[in-house]
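Notes follow the structure.
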Amino acid sequence: MSRVRAGKRRGCSSGTGGRNVLRERVLRPRGELRMLEEGRPRKALVMTKRDLGRFVTHLAASYVVFVPVDEGGVTRFVAACPDGARGARSLEGDPFLSTRPLKELFFPQQETLFAFDAHGGIETAAGVKAPALGDDRGRARARDERLVSSPSDVVRVAFGARPCDARSLTLLDLVFDAADHRDPYYVSRRRETAVVTFACPEPGVACFCTSVGGGPFDETGSDVVFAEVGEAYLVRLLSAKGEDLIRGFEALREAGEAEFEASGEARARAEARMASRAVPVDAAVSRLEGAFGHPAWDDAYRKCLGCAVCTYLCPTCHCFDIGDEATRTGGERVRNWDSCMFPLFTLHASGHNPRPSRKERFRQRIMHKFNYFVENNGVVACVGCGRCVENCPVNLDVRKVLEAFAAL
Amino acid sequence: MLTRGSSGRTAEVAGRLREIAADLLATGEIDVFIGYEEGTLPLRTSPAFLTRPDDVSRLVWNYMCENNLAVYLPGLKGRVGVVVKGCDVRALVNLIVERQVRRDDVKIVGVPCGGVVDRRKLAAALGEGHETIRSAAETADGVVVVAGDGFEKAVPIEDVLSASCVACTHPVPVVYDFLAGDDEAARRACPKEQAYSDVDAFASRGPEERFAYFAREIERCIECYACRQACPLCYCPECFVDRQSPKWVGRWRDLSDKMVFHLGRVLHTAGRCVDCGACRRACPAGIDLRLLAKRIEKDVLEFFGHEPGVDLTAVPVFATYKREDPGDFIL
């Protein structure tokens, strides 16, 4: 097994300006952002493209494997068939950036926190029971059928993530797995899931990961990263979870200098491609400090329609609403995604709404990502995946908004 | 992105729009002009709010002007100039008739419309391996050349038009203060007897099959409400799905909750929907309920002889009553 030198990791390049204090703050998260286990020996192997399908099948024998699948024009991570066939099919050609973000494997759009029933009347509301943490089809199946042969806690594999989505998980960790508030549902799903990422040799037209501290070959948040090298993949194992995944799969050989070199060149090409359209995120972050009342918001929000496309498809947006879904004899306490773009998000019981118009709501989204989150966690809450850019019905491009504020 | 290579007709229209906007802003007849500007992605334009005559160079016109700008008018303060296609102006007429917009406050700048490209149709036409489009330009009237990683293809607009445009009976705005371009620039109107051919074909299928189709569409809904927000006629201060007390619609995994929203919305726009297609284009999941809305449009036309948005004096069909209205369907 060859070791990847720590120096191979790309330095953070935002493409704007020189180093300054703010830049340090934005790009070097403090606190608990779990970077990969630095200094840990990491292995790199080579797998031919032909073997990819077989590898998914191999994984599916021991884990529940989620792969991006196109369902009527919407791609999302779906559990592959036990024999891996479905997964293998969807991975022919390069895995794509899914329409729906990877976050939903950890923080689903809807989930039950606990269920209750009302035997003996509403008042007694007996039978409150917490479900097994992180209970969902995948885990339940894995446990029930005793599919798990891995010595670790991992029962699920997210296979075919993109570096931006993998990175987003480390940002969500700051919210759901912080020292003073840990969300058991999220945390258990994170613990039992390995993330296998495919690097992006050809970033898309809406991508801007390099401007927010990531990169098309970024390894943050991944347990394994596949990078295309001709008719094969350079497979980097980045954690114990990752090492477990390849156990028992023979069709791998150690990577040589040639593969490292080819992958390094692909990475340089991909990053160069992005450098020409770098977004001045650092400058924008610095201008947003104190810009809450700036008249620039009057222009910035105007074309916004007030839908939740940007927030729901965002891999780092994490706001939710808790409610009860009752039936005649019981019900469930449920947690659903919510969006700051909706008036209901801040509507008070009195009828007062502190964010009365789309302007205030739009400002909230930008400020949360590029000011408040930085304040709280030392890093912007954006991974530059471009979903909000691609899917906004009116092409209200967050990159333009940041440029406008950077230029103030 | 499409405009750089724009030629012929669409370039002329863009030039005319700039003249009109500059005049209106310079004379102070309007406070803001709403048109389209170049988008940040290939095959996209974006709504533009202009307040100074110097800004008008940003205005563009092409086959990607897919938003219905009438959506911005309800509640907008001041006097406004707005660019409208044949369908958009019919939504605006509805807004005026329903007293959401004052006719005197708006300068209607109509464009005889050549149709709007359906990006999903285009992606399908390009086929696999052409997912990443890096540029698009109109090379001649009605032909767009799309280029991406390792491919370049010329696509006739006619092949990738929105379904709404194919069935459009009013490509030339029925009401306007200014018309940017002449009637000949517009698409040929779809003959009335052909406007419902796809609806009729769908209606001839069995109920299970039709239900399965709509269920499949609605299943993909992510409840972002982009369809509602993109619709000029969805201007309720509080949508029924947002009502907390009583709570009409659950937010849960049940398909019926999503269905209630979509069906409720279609019914609420009955006799008002002008088939502009804005809801469908706004949907990140590409949900297509057009056939349902179009069928209701046909019923309203057949039962009540009402065509929405073509007459500034016609009362909306569900806001009036006539003795001879059919009542057989009332139980």
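Any idea which residue in the stretch B:267-279 is surrounded by the fewest Cβ atoms within 10 Å (Cβ to Cβ), counting only those that are in a helix (DSSP H, G or I) and either modelled with pLDDT of 95 or more or at positive phi (or both)? Steps first, answer last, please.
Filtering the stretch B:267-279 down to residues in a helix (DSSP H, G or I) leaves B:267-268, B:278-279.
Still in the running and either modelled with pLDDT of 95 or more or at positive phi (or both): B:278-279.
Working: B:ALA278: 30, B:CYS279: 28.
The qualifying residue surrounded by the fewest Cβ atoms within 10 Å (Cβ to Cβ) is B:CYS279.
So, B:ALA278, is that one within 22 Å of the chain's Cα centre (by Cα), touching a residue at least 12 places away in the same chain (Cβ under 8 Å) and closer than 26 Å to A:CYS392 by Cβ or not? Yes: the conditions hold for B:ALA278. Screening the stretch B:4-31 for residues that are surrounded by fewer than 19 Cβ atoms within 10 Å (Cβ to Cβ) and touching a strand residue (DSSP E or B) at 6+ places or on another chain (Cβ under 8 Å) and picking the one that is farthest from the other protein chains (Cβ to nearest Cβ) gives B:GLY8. If I filter the stretch B:176-196 for residues that are open to solvent by less than 60 Å² (accessible area, probe 1.4 Å), touching a helix residue (DSSP H, G or I) at 6+ places or on another chain (Cβ under 7 Å) and free of Cβ contacts under 8 Å to residues at least 60 places away in the same chain, do I get at least one hit? Yes, the conditions are met somewhere in the stretch B:176-196.
Filter the stretch A:387-405 for residues that are in contact with an Asp or Glu (Cβ under 8 Å, 6 or more places away or on another chain) and more than 9 Å from chain B (Cβ to nearest Cβ) and give the result. Can you show your working first?
Looking only at the stretch A:387-405, we keep the residues that are in contact with an Asp or Glu (Cβ under 8 Å, 6 or more places away or on another chain), and these are A:389, A:404.
Within the stretch A:387-405, A:ALA404 is the sole residue that qualifies.
Residues in the stretch A:86-107 that are over 21 Å from A:ALA206 (Cα atoms), modelled with pLDDT of 95 or more and part of a loop (DSSP other than H, G, I, E, B): A:PHE106, A:PHE107. Set side by side, the residues A:ALA255, A:ALA266, A:ALA272, A:ALA227 differ, and just one is hydrophobic (A, V, I, L, M, F, W, C) and open to solvent by 30 Å² or more (accessible area, probe 1.4 Å), which is A:ALA272. Of the listed requirements (1) more than 19 Å from B:GLU307 (Cβ to Cβ); (2) buried (at least 20 other Cβ atoms within 10 Å of the Cβ); (3) not hydroxyl-bearing (Ser, Thr, Tyr), B:ASP88 misses just one: (1). Within the stretch A:290-326, restricting attention to residues that are surrounded by 19 or more Cβ atoms within 10 Å (Cβ to Cβ) and among the β-branched types (Val, Ile, Thr), the residue that is nearest to the other protein chains (Cβ to nearest Cβ) is A:VAL309.
So, in the stretch A:352-392, how many residues would count as being assigned to a loop (DSSP other than H, G, I, E, B) and open to solvent by 10 Å² or more (accessible area, probe 1.4 Å)?
Taking the stretch A:352-392 and keeping what is assigned to a loop (DSSP other than H, G, I, E, B), we get A:352-357, A:378-386, A:392.
From the residues that got through so far, the ones that are open to solvent by 10 Å² or more (accessible area, probe 1.4 Å) too are A:352-357, A:382, A:385, A:392.
Selection size over the stretch A:352-392: 9.
Here's the yes/no breakdown for (1) within 14 Å of another protein chain (Cβ to nearest Cβ); (2) without any contact (Cβ under 8 Å) to a residue 60 or more places away in the chain; (3) under 16 Å from B:ARG220 (Cβ atoms):
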position	(1), (2), (3)
B:GLN244	yes, yes, no
B:LEU255	yes, yes, yes
B:GLY264	no, yes, no
B:VAL274	no, no, no
B:PHE303	no, yes, no
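Filtering the stretch A:65-77 to residues that are farther than 18 Å from A:PHE226 by Cα and out of contact with any Asp or Glu (no Cβ under 9 Å at 6 or more places or on another chain) leaves A:VAL69, A:ASP70, A:GLY73, A:VAL74, A:THR75.
A:THR329 - would you say it is in contact (Cβ under 8 Å) with a residue 40 or more places away in the chain, open to solvent by 50 Å² or more (accessible area, probe 1.4 Å) and away from chain B (no Cβ under 12 Å)? Before the answer, list the steps.
Values: in contact (Cβ under 8 Å) with a residue 40 or more places away in the chain: yes; open to solvent by 50 Å² or more (accessible area, probe 1.4 Å): yes; away from chain B (no Cβ under 12 Å): yes.
The answer is yes for A:THR329.
Which of the residues spanning the stretch B:201-214 are loosely packed, with under 14 Cβ neighbours inside 10 Å, assigned to a helix (DSSP H, G or I) and charged (D, E, K, R)?
At the first step, the residues of the stretch B:201-214 found to be loosely packed, with under 14 Cβ neighbours inside 10 Å are B:201, B:203-209, B:211-212.
Next, from what is left, pick out any that are assigned to a helix (DSSP H, G or I): B:201, B:203, B:207-209, B:211-212.
Once the filter is applied, which keeps residues that are loosely packed, with under 14 Cβ neighbours inside 10 Å, assigned to a helix (DSSP H, G or I) and charged (D, E, K, R), the stretch B:201-214 yields B:GLU208, B:GLU209.
Answer with yes or no whether A:ARG287 is modelled with pLDDT of 95 or more, among the charged types (D, E, K, R) and assigned to a loop (DSSP other than H, G, I, E, B). No: the conditions fail for A:ARG287.
Of the residues A:SER350, A:SER357, A:SER339, the single one that is at the interface with another protein chain (Cβ under 10 Å from one of its Cβ atoms), more than 20 Å from the chain's Cα centre (by Cα) and of a type in the set (S, T, N, Q) is A:SER357. Restricting attention to the stretch B:215-232, the residues being more than 8 Å from every other protein chain (Cβ to nearest Cβ), open to solvent by less than 10 Å² (accessible area, probe 1.4 Å) and part of a helix (DSSP H, G or I) number 1. For A:VAL26, the criteria (1) open to solvent by less than 10 Å² (accessible area, probe 1.4 Å); (2) modelled with pLDDT of 90 or more; (3) in contact with a helix residue (DSSP H, G or I) (Cβ under 7 Å, 6 or more places away or on another chain) hold in every case but one, which is (2).
Listed by first and then second residue, the pairs linking a residue in the stretch B:30-45 that is without any contact (Cβ under 8 Å) to a residue 40 or more places away in the chain to a residue that is hydroxyl-bearing (Ser, Thr, Tyr) and open to solvent by 10 Å² or more (accessible area, probe 1.4 Å), with Cβ atoms under 6 Å apart and 6 or more places separating them unless they lie on different chains, are B:GLU38/B:THR3. Can you tell me which residues in the stretch A:319-347 are in a loop (DSSP other than H, G, I, E, B), at pLDDT below 95 and charged (D, E, K, R)? Once the filter is applied, which keeps residues that are in a loop (DSSP other than H, G, I, E, B), at pLDDT below 95 and charged (D, E, K, R), the stretch A:319-347 yields only A:ARG328.
For (1) closer than 18 Å to A:GLU111 by Cα; (2) among the β-branched types (Val, Ile, Thr), each residue gets a yes or a no:
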| site | (1), (2) |
| --- | --- |
| A:VAL309 | no, yes |
| A:ASP324 | yes, no |
| A:GLU332 | yes, no |
| A:TRP337 | yes, no |
| A:MET341 | no, no |
| A:PHE370 | no, no |
| A:VAL389 | no, yes |
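The residue that is farthest from A:ARG365 (Cα to Cα), among those in the stretch A:252-277 that are assigned to a loop (DSSP other than H, G, I, E, B) and within 14 Å of chain B (Cβ to nearest Cβ), is A:SER276.
The values are calculated or read from the model by the stated rules, or taken from the named source; none is laboratory data. Here the structure is a predicted model, which means the values were calculated and not measured. Every residue, glycine among them, receives a Cβ derived from its backbone with ideal geometry; neighbour counts consider all protein chains shown. What goes into the accessible areas is simple: the full protein's heavy atoms, side chains included, and nothing from ligands, DNA or RNA. Shrake-Rupley method; radii C 1.70, N 1.55, O 1.52, S 1.80 Å.
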